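Enquirer: Take a look at this one; I'll ask things after.
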Amino acid sequence: MANIDPTALFNLSYGLYVLTAKDSATGRDCGCIINTAAQLTAEPPRITIFVNKQNYTNDVILKTGVFNVSMLTTSANFEVFKHFGFQSGRTVDKFADRDDPRSANGVRYLNQHCNGILSGKVVDALDYGTHTLFVAELTEALKLNGEPSLTYDYYFQHIKPKPEAKPKRGFICKICGYIYEGDELPADFICPICKHGAQDFEPLS
Ligand code: FE
């Protein structure tokens, strides 16, 4: 057996981003939260993003090949995560009551709680089971302000509400705080709020 301590993976650091796209067939804007965006190469300028396939935005990017990454700052509040992370673009139009601007590629981006945007044009989309790994050419990069970038760790420490009264037995979603009550968490359980799988739950102590 490989010696894999899953908690060791929690020591990786991540940022948090709103990933947006536009469905060219319907004209509909969509967006979701991702924690994996990175520069791949400087020459040519390329970035990677890793997107859960349950996200409607994943489907749209597979079709259009165009997206924006809005880099969130520490000024972001929990509402941003509830709005973009805890509901699905398959059932909700997340931009219905918003007037977020569009970048040169026609895709919306956040100009609040965001210190910059990266526009990507997909050059490769690799299916990794639960997620798609997109490699994209950078078509535009804008710095909006000097606010500090939000890290995943900062989100957990300062933004995500702390769970209140806990039931005796159950499992808590480490992403959004949803509590599954019961003695055993099914291996294929998907969080109804944030759509993360059983691997992102931990037993209530
Ligand atoms: Fe969750």
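The values are calculated or read from the model by the stated rules, or taken from the named source; none is laboratory data. Because the structure is predicted, anything quoted here is derived from the model rather than measured. Glycine also receives a Cβ, built like all others from the backbone with ideal geometry; neighbour counts cover every protein chain displayed. All accessible areas refer to the heavy atoms of the entire protein, side chains included, with ligands and DNA or RNA removed. Shrake-Rupley method; radii C 1.70, N 1.55, O 1.52, S 1.80 Å.
Enquirer: Please go through the stretch 157-187 and pick out each residue that is touching a residue at least 24 places away in the same chain (Cβ under 8 Å), more than 14 Å from the ligand (Cβ to nearest atom) and of a type in the set (A, V, I, L, M, F, W, C).
Expert: Passing the criteria: only Ile159.
Enquirer: Pairs please, first residue from the stretch 188-205 and more than 19 Å from Ala8 (Cα to Cα), second anywhere and more than 8 Å from the ligand (Cβ to nearest atom) and open to solvent by 40 Å² or more (accessible area, probe 1.4 Å), Cβ atoms under 6 Å, 6+ apart in sequence or on different chains.
Expert: Here the result reads Lys195/Gln54; Leu204/Lys166, each pair linking the stretch 188-205 to a residue that is more than 8 Å from the ligand (Cβ to nearest atom) and open to solvent by 40 Å² or more (accessible area, probe 1.4 Å).
Enquirer: Which of the residues that make up the stretch 56-79 are under 15 Å from Leu133 (Cβ atoms) and open to solvent by less than 40 Å² (accessible area, probe 1.4 Å)?
Expert: Scanning the stretch 56-79 gives Thr57, Asn58, Ile61, Gly65, Phe67, Val69.
Enquirer: Right, here's the next one. Can you find, within the stretch 58-80, the residue that is nearest to the ligand (Cβ to nearest atom) among those that are closer than 17 Å to Cys114 by Cβ and of a type outside the set (A, V, I, L, M, F, W, C)?
Expert: Step by step, filter the stretch 58-80, then rank; the result is Glu79.
Enquirer: Of all residues in the stretch 26-45, which are within 16 Å of Phe67 (Cβ to Cβ) and in contact (Cβ under 8 Å) with a residue 24 or more places away in the chain?
Expert: Within the stretch 26-45, Arg28, Asp29, Cys30, Gly31, Cys32, Ile33, Ile34, Asn35, Ala37, Leu40, Pro45 qualify.
Enquirer: Restricting attention to the stretch 77-99, which residues are without any contact (Cβ under 8 Å) to a residue 24 or more places away in the chain and within 21 Å of Ala25 (Cα to Cα)?
Expert: Result: Thr91, Val92, Ala96, Asp97, Arg98, Asp99.
Enquirer: Residue by residue through the stretch 100-126, note down the ones that are closer than 25 Å to Glu43 by Cα and free of Cβ contacts under 8 Å to residues at least 60 places away in the same chain.
Expert: Ser103, Ala104, Asn105, Asn115, Gly116, Ile117, Ser119, Lys121, Asp124, Leu126
Enquirer: Of all strands (runs of 3 or more DSSP E) completely enclosed by the stretch 92-200, which ones contain at least 1 residues that are touching a helix residue (DSSP H, G or I) at 6+ places or on another chain (Cβ under 6 Å) and open to solvent by 70 Å² or more (accessible area, probe 1.4 Å)?
Expert: The strands (runs of 3 or more DSSP E) meeting that bar number zero.
Enquirer: Next up: Can you tell me how many residues in the stretch 81-101 are within 15 Å of Leu19 (Cβ to Cβ), at pLDDT 95 or above and more than 16 Å from the ligand (Cβ to nearest atom)?
Expert: Final tally of qualifying residues: 3.
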